[in-house]
């Protein structure tokens, strides 16, 4: 089982260069960072976790720039978006950005994607909240064409382009793995149709969701064991991690709060027993 770290990186937290180096030296397998292009100053939608929306939601760095710095000073560390709001990007431009990072990092990009939760943010990008998953689907499928075809083209409801040349191609065959970060019944159908993995936040409903994913894969003739199942969770003991591993989870991602360097390193050091266990199994 691999162990990763999730973070909201800002200009006052540990730098990408320091975090990348420290994660790799401590045996962490991956770094995942969030995305919000902005937060509307005036909004009606409440923060899903309750209370005031933390400032890190609009202060966090653009993920691909941050991850590129971390990848540049490491050799093995996987770098991932957790999650990229794909519907808010033009698919050709995002395909090139992802392929460039994957190529420059020698095939280390993991593309976590999600639909988002803030309608006002999406409205500023020119689309309705209700269409976010339909747009995301077409954007992902269009990007896969750009990653794998010389004359890439796509014709859908939201994305429509005749053959284009998009270089460089990703280093990883087929392009970066696409992991969907959602837990609804519809999410399981989406994963089975066009994704390479699942990136949920651990909840009490995990077992039922995993069963739905298995069923959705069976219906499409896919083997669920071939999916990258990555779970964002709190630090757990060895027994809990073994249970997740036996259920097919291949990566656990732990949260690193938005902290300055010294404080962040103390948190990473507190995870050392988990990393050591994962490396031994």
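Below is a table of values for the structure above.
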| read-out | value |
| --- | --- |
| Residue that is buried (at least 21 other Cβ atoms within 10 Å of the Cβ), within 22 Å of residue 101 (Cα to Cα), touching a strand residue (DSSP E or B) at 6+ places or on another chain (Cβ under 8 Å) and modelled with pLDDT of 95 or more, where the choices are 194, 199 | 199 |
| Matching entry among 154, 158 (being assigned to a strand (DSSP E or B), in contact with a helix residue (DSSP H, G or I) (Cβ under 8 Å, 6 or more places away or on another chain) and at pLDDT 95 or above) | 154 |
| Every pair of residues 6+ apart whose Cβ atoms lie under 9 Å, when the first sits in segment 171-193 and is touching a residue at least 40 places away in the same chain (Cβ under 8 Å) and at positive phi while the second is in a strand (DSSP E or B) and crowded, with 17+ Cβ neighbours inside 10 Å | 175/109; 175/111 |
| Subset of segment 1-18 (residues that are in a loop (DSSP other than H, G, I, E, B) and without any contact (Cβ under 8 Å) to a residue 60 or more places away in the chain) | 11 |
| Among (1) surrounded by 13 or more Cβ atoms within 10 Å (Cβ to Cβ); (2) touching a residue at least 24 places away in the same chain (Cβ under 8 Å); (3) closer than 23 Å to residue 196 by Cα - the single one residue 214 does not satisfy | (2) |
| Of residues in segment 264-280 being surrounded by 13 or more Cβ atoms within 10 Å (Cβ to Cβ) and without any contact (Cβ under 8 Å) to a residue 40 or more places away in the chain, the one farthest from residue 31 (Cα to Cα) | 277 |
| Scope segment 19-40; condition touching a residue at least 40 places away in the same chain (Cβ under 8 Å), surrounded by fewer than 16 Cβ atoms within 10 Å (Cβ to Cβ) and not in a loop (DSSP other than H, G, I, E, B); matching residues | 21 |
| Matching entry among 244, 213 (being in a helix (DSSP H, G or I), touching a strand residue (DSSP E or B) at 6+ places or on another chain (Cβ under 7 Å) and farther than 22 Å from residue 5 by Cα) | 213 |
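The values are calculated or read from the model by the stated rules, or taken from the named source; none is laboratory data. As the structure is a prediction and not an experimental result, all values here were calculated from the model. Reconstructed Cβ throughout: ideal geometry from the backbone, glycine too, with neighbour counts over all protein chains shown.
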